[in-house]
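One structure is given here, and the rest of the page talks about it.
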Amino acid sequence: MKRAFAAAFAACMMAGVSMAQADDPITLKISYQFPEHHFVTVGCINPFIEGVEERLPGRVVFERYPSEQLAKGASQLDSVRNRIADIGIHNLAYTPQVTPLSTFLEMPGIFSFADTMAAQKAWDRLAKNELFKVELEKLNVVPAWVFVTSPYQFQMASAEPVTSIEQLKGKKLRVPGAGAEMALGLIGAVGVRVPASDLYLAIQRGTVDGSIISTSALPAYKLDEVVNAISTNASWGASPFLAAMHKDRWEGLPEDVRTAIGEAGVAAGEACANTYIDLENKEVERLRGMGKTIFEMPQETVDALTVALKPVQEAWLEQMTQRGLDGQAIIDKYDEYLQEEKAKM
């Protein structure tokens with residue numbers, strides 16, 4: 001009788017432990033390269049974390065690792081694949097050898113600033129469907145959520161607006177990546193790889209004549225002190241970001257948690273797009289108030305650039321073909337999604 005009671009008591013204790021464990025909050029380590037005050041943290045990452053917490057109060061707890069505390073910017077994807085972080089906010093432009101198809105968004109002319117929100121929605125659809133199947137799933141990662149920057153603009157040291165391709169010939173401009181570097185070469189300009197943190201001195205000393213970077217990033221690096229003419233309608237590519245989770249970690253989460261992450265991710269992606277739009281518009285007005293030249297390139301110049309830069313896309317497609325990848329299918333599907341999202345707005 002005592003043995004039966006002891007067994008029953010032990011069973012109840014074990015059940016209690018299991019129930020307590022089931023009720024314990026799920027802790028997710030989220031890693032990113034940005035400091036806590038950076039606009040991407042405030043406008044893109046915080047809305048995601050808050051969105052999950054609002055949907056499941058007390059159910060999920062996030063451990064934050066900003067400013068590359070857990071992994072360097074270029075290693076965020078590896079931190080997830082190696083199970084160091086549960087969620088890593090990764091710029092796919094950093095890993096073209098591992099995520100080649102994702103780099104199409106870096107090419108000039110994919111979308112305009114006016115279409116930033118539609119571009120975000122199209123990127124969300126593509127990343128979670130076609131791109132997941134052909135690229136991300138092979139890496140054992142799941143796109144918990146994604147976002148894309150607004151397209152990069154010209155920022156010139158000279159106050160003269162860019163109204164023709166001829167003006168750019170011989171100019172040395174800081175570029176964010178290989179796509180922009182190749183593009184500048186096609187029009188007779190020179191792309192120079194300069195880290196954003198070193199760009200102020202590079203412009204000040206005349207090492208470069210200007211830059212291709214997000215206008216919203218100018219205050220962070222005090223570039224508004226050294227640039228004097230800024231474009232508003234250039235389309236020099238963008239950076240695609242992936243909030244990656246290891247497939248096993250994702251599939252091991254309860255269904256309600258996966259649902260909350262998915263819903264919060266979509267909302268956070270759109271909040272991020274609005275952050276880029278609002279910041280850029282405010283920055284343009286601030287720069288105009290400082291007496292800077294804010295210019296919109298003539299449509300004929302935009303069209304001429306599109307024609308001149310077509311070889312960039314052709315080269316990218318050739319690279320994908322050489323790797324046995326269907327880059328054209330990805331671009332076509334993205335453009336289909338983009339046109340559908342634009343039609344809804």
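The values are calculated or read from the model by the stated rules, or taken from the named source; none is laboratory data. Note that this is a predicted model, so its numbers are computed, not measured. With ideal geometry, Cβ positions are generated from the backbone for all residues, glycine too; neighbour counts draw on all protein chains shown. Ligands, DNA and RNA are stripped out before the accessible areas are found, and what is left, the full protein with its side chains, is counted by its heavy atoms. Shrake-Rupley method; radii C 1.70, N 1.55, O 1.52, S 1.80 Å.
What to note about this one:
- The portion of the accessible surface of the range 41-131 made up by carbon and sulfur, rounded to a whole percent, is 46 (1.4 Å probe; DNA, RNA and ligands excluded).
- By DSSP, the beta bridges lying fully in the range 153-266 are antiparallel in about 50 percent of cases.
- Note on residue 207 and residue 255: the model spin-label points, each 7 Å out from Cα along the C-beta direction, lie 5.6 nm apart.
- Bridges between two residues of the chain, per DSSP, are antiparallel at a rate of about 50%.
- Against the set (i) 22.2, 70; (ii) 23.2, 97; (iii) 19.2, 62, the structure's computed Rg and Dmax of the Cα atoms in Å falls on (ii).
- Positive-pole candidate from 153, 74, 321, dipole of the chain, charges at beta carbon: 74
- Summing Cβ point charges (Lys, Arg +1; Asp, Glu -1) relative to the Cα centre of the range 104-175 gives a dipole of roughly 140 debye.
- Span-like helix check, the chain: qualifying full DSSP H segments, with Cα axial length of 30 Å or more and mean Kyte-Doolittle of 0.5 or more, are 2-23.
- Ordering of 188-197, 174-183 by packing is 174-183, 188-197, highest average first (other Cβ atoms within 10 Å, averaged per residue).
- Helical mean residue ellipticity (222 nm; -39500 (n - 2.57) per DSSP H run of 4+; nearest 500) of the chain: -13500 deg cm²/dmol
- Once the Cα-Cα distance is subtracted from the 0.36 nm per residue extended length, the residue 50 to residue 343 segment shows a gain of 102.5 nm.
- Rough spin-label spacing in nm, given labels placed 7 Å along Cα→Cβ, for residue 137 and residue 263: 2.6 nm
- Take 109-115, 229-235, 288-294, 210-216 and order them by the average number of nearby Cβ atoms within 10 Å per residue, most first; the result is 210-216, 229-235, 109-115, 288-294.
- Using the Cβ-Cβ distance between residue 294 and residue 193 with R0 set to 30 Å, the FRET efficiency works out to roughly 0.65.
- Per residue, the solvent-accessible area of the chain (1.4 Å probe, heavy atoms of protein chains only, all protein chains present) comes to 46 Å².
- Placing unit charges on the Cβ atoms only, positive for Lys and Arg and negative for Asp and Glu, gives the range 82-225 a dipole magnitude near 200 debye about its Cα centre.
- Mean Cβ count within 10 Å, highest first, over the residues of peptides 54-65, 37-48: 37-48, 54-65
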